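Here is the structure we will look at.
The values are calculated or read from the model by the stated rules, or taken from the named source; none is laboratory data. Source: prediction; values computed, not measured. Glycine also receives a Cβ, built like all others from the backbone with ideal geometry; neighbour counts cover every protein chain displayed. All accessible areas refer to the heavy atoms of the entire protein, side chains included, with ligands and DNA or RNA removed. Shrake-Rupley method; radii C 1.70, N 1.55, O 1.52, S 1.80 Å.
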Amino acid sequence: MIEKIKGSSFLKNILLLVSGTAVAQLIPIAISPILTRLYLPASFGILMVYVSVLSILGVVATGRYEKAVIIPPQKETARQLVVLTQILIFSFCIILALLNFFFGASILQAIRADALIPYSWLLIIGIFFLASDQTYYHWANRLSAYKRMSISKVFNNLSSGVSSIIFGIFQMEALGLIYSKLLGICSSFLVNLQTFSFSNFKAIRFQEIKSTALEYFKFPVFLMPSHLMNALSTNGPPIILTMYYSETEVGWFALTQRVIMVPVSIIARSVGDVFRQKATEMYNTKGSYRALYLKTLGGLAAVGLIPFTILILFAPYLFSLIFGAQWEQSGEYAQILAILFIFQFTTSPLTNAFIISGKQQLEFVWQIVFLISSLLPIVIGFYFFDNIQQTLLLFAVCRAASYLLSIFLTLPFTVKKDHVGV
């Protein structure tokens, strides 16, 4: 295995990103037993809603042009995409600031996010830095700066973790968790920003940016709506849950997300980053990346099987032991959601195949299915069962089925039509 890793740049890059991600994720997992004794479950619930709204609006801010940064053969075009994205982010935040000044409280009440009203300005600040960080992260990905990408993740969680403990000691509750989240995002942004020279802004003219924006119009037209639906699918459930269940129950769900689902998502994203770069190269030069696709799928399934089996069998006991007796309910939630975790871990990195193969329209269709399978089961579960455990089980099964569907949709397009053989 060591020889295979040494001889494969793909495996080495995955190992670099995943190891950095693993170190980064050890930080929030390691401090979670401390935080669960410093903060109430309701504070975790408020933080989760804040992060959910932040993540949804962050998709709109960039127009998803940052996803195109890795694609152009010419480096100059990629630079133009970075500048274009930063202009869009700044403009979007100005609009949000005006809306917040005049209608902020009314908008948050309309989506039943009343708990965020005191923190509305912190939402705008968070969106700016989160969207900017995503942009420079993709620029670093284009440069194959995997070490810096890994460092940015470590800095994110390290600064967030340390500050959350400090704010918790001063009993700042939800505000302390939100401040610490912002500090983590800003730290990651500053690390990734160093890969891009500000002199590039001066060298690019408006007409060039306009031409580039038109050339990659599919990203805001097709990819942004599909990724917005993905953000709603991923971050919408906590918002919907707050409509029907207490902040404490949402807080228990938030801890499950923090120590199980978030690490799974970030590790899968790291694999997806390397997969996207390597698969794009293979698709452009060889006309096929099916072997890489299947190898990645099988490898992730093998890696994920053991931890998720342990989760199914022992989650309630482990949560109670590590985080305290009052958090045993989070372990029961994790046990219920285990089937979703393994499908997400195994298949989500491979959804990059939609972009690689130029099937943004098909991804849009899949995102509609994913959105429905993520939100509708929560509403149906509440009215049919009025029990959060049964609601989460229905949610897990439906979303896992949508991940399985993505494999059937993307696998046929891993080979170009004019390519002979696999």
**Q.** Most positive-pole-ward Cα, ILE407, TYR119, VAL83, against dipole of the chain from beta carbon charges
**A.** VAL83
Q. Lys/Arg Cβ at +1, Asp/Glu Cβ at -1, dipole of the range 243-353 taken about the Cα centre: which of LEU318, ASN352, THR256 is farthest positive-ward?
A. ASN352
Q. Among LYS12/LYS359; LYS147/LYS416; LYS147/LYS181; LYS181/LYS295, which pairs are too far apart, with a Cα-Cα distance over 30 Å?
A. LYS147/LYS416; LYS181/LYS295
**Q.** Size of charge dipole - the range 236-391 - debye, nearest 20, with Cβ of Lys, Arg +1 and Asp, Glu -1, no other charges
**A.** 840
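How much accessible area per residue does the chain have, in Å², with a 1.4 Å probe? Present the calculation step by step, with values, prior to reporting the outcome.
Numbers: 18610 Å² over 422 residues.
On a per-residue basis, 44 Å².
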**Q.** Which of PHE103, MET224, LEU16, positive extreme of dipole for the chain (C-beta unit charges)
**A.** LEU16
**Q.** Förster radius 41 Å - calculated FRET efficiency between PHE385 and ILE87 (Cβ-Cβ, nearest 0.05)
**A.** 0.30
**Q.** Cα pair distances of the range 118-189 binned at 5 Å [whole percent]
**A.** 3, 18, 22, 21, 17, 10, 6, 3, 0
Q | Alpha carbon centroid spacing (whole Å) that separates the range 90-127 from the range 129-180 | A | 21
Q) Between LEU81, LEU321, LEU193, which gets the highest mean-square fluctuation from a Gaussian network model of the chain, Cα cutoff 10 Å? A) LEU321
Q: Loop only per DSSP, at most 16 neighbouring Cβ atoms within 10 Å: give me the trypsin sites (Lys or Arg not before Pro) in the range 74-136, ordered by residue number.
A: ARG112
Q) Using a Gaussian network model of the chain with C-alpha springs under 10 Å, which one of PRO28, PRO349, PRO72 is most mobile by mean-square fluctuation? A) PRO72
Q) What is the calculated FRET efficiency for GLU76 to GLN361, with r their C-beta to C-beta distance and R₀ = 30 Å, to the nearest 0.05? A) 0.60
Q: Before rounding to the nearest 500, sum -39500 (n - 2.57) across all DSSP H runs of length at least 4 in the chain and divide by the residue total; then give [θ] at 222 nm in deg cm²/dmol.
A: -27500 deg cm²/dmol
Q) What figure in square angstrom, to the nearest 10, would you give for the accessible area of GLU173 with a 1.4 Å probe? A) 50
Q.
To the nearest 20 Debye, how big is the dipole of the chain about its Cα centre, given +1 on the beta carbon of each Lys and Arg and -1 on that of each Asp and Glu?
A. 1560
Q | Label assignment, semi-axes √(5λ) of the Cα gyration tensor in Å derived from the structure, set (i) 32, 27, 22; (ii) 62, 27, 20; (iii) 59, 20, 16 | A | (i)
Q. GNM, the chain, Cα, under 10 Å: largest mean-square fluctuation among LEU255, LEU241, LEU409?
A. LEU409
Q | Spin-label model distance (nm) - GLU281 vs SER106, 7 Å beyond Cα toward Cβ | A | 5.3
Q.
From the phi angles alone, apply the Karplus equation (6.51, -1.76, 1.60; θ = phi - 60°) to the range 240-255 and give each ³J(HN,Hα) in whole Hz, x where the residue is Gly or Pro.
A. 5, 4, 5, 6, 10, 10, 6, 5, 5, 5, 5, x, 4, 5, 5, 5
Q) Quick one: Kirkwood hydrodynamic radius for the range 143-232, alpha-carbon pairs, angstrom, one decimal? A) 16.2
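May I ask you to give the percent of accessible area on the chain that is carbon plus sulfur, with a probe radius of 1.4 Å? All intermediate terms of the calculation are to be shown ahead of the outcome.
Working: 12940 of 18610 Å².
Exposed carbon and sulfur together represent 70 percent of the surface.
For ILE209 and LYS416, FRET efficiency with R0 = 30 Å and r from the beta-carbon atoms, rounded to 0.05?
Numbers: r = 31 Å, r/R0 = 1.03.
With a Förster radius of 30 Å, E is 0.45.
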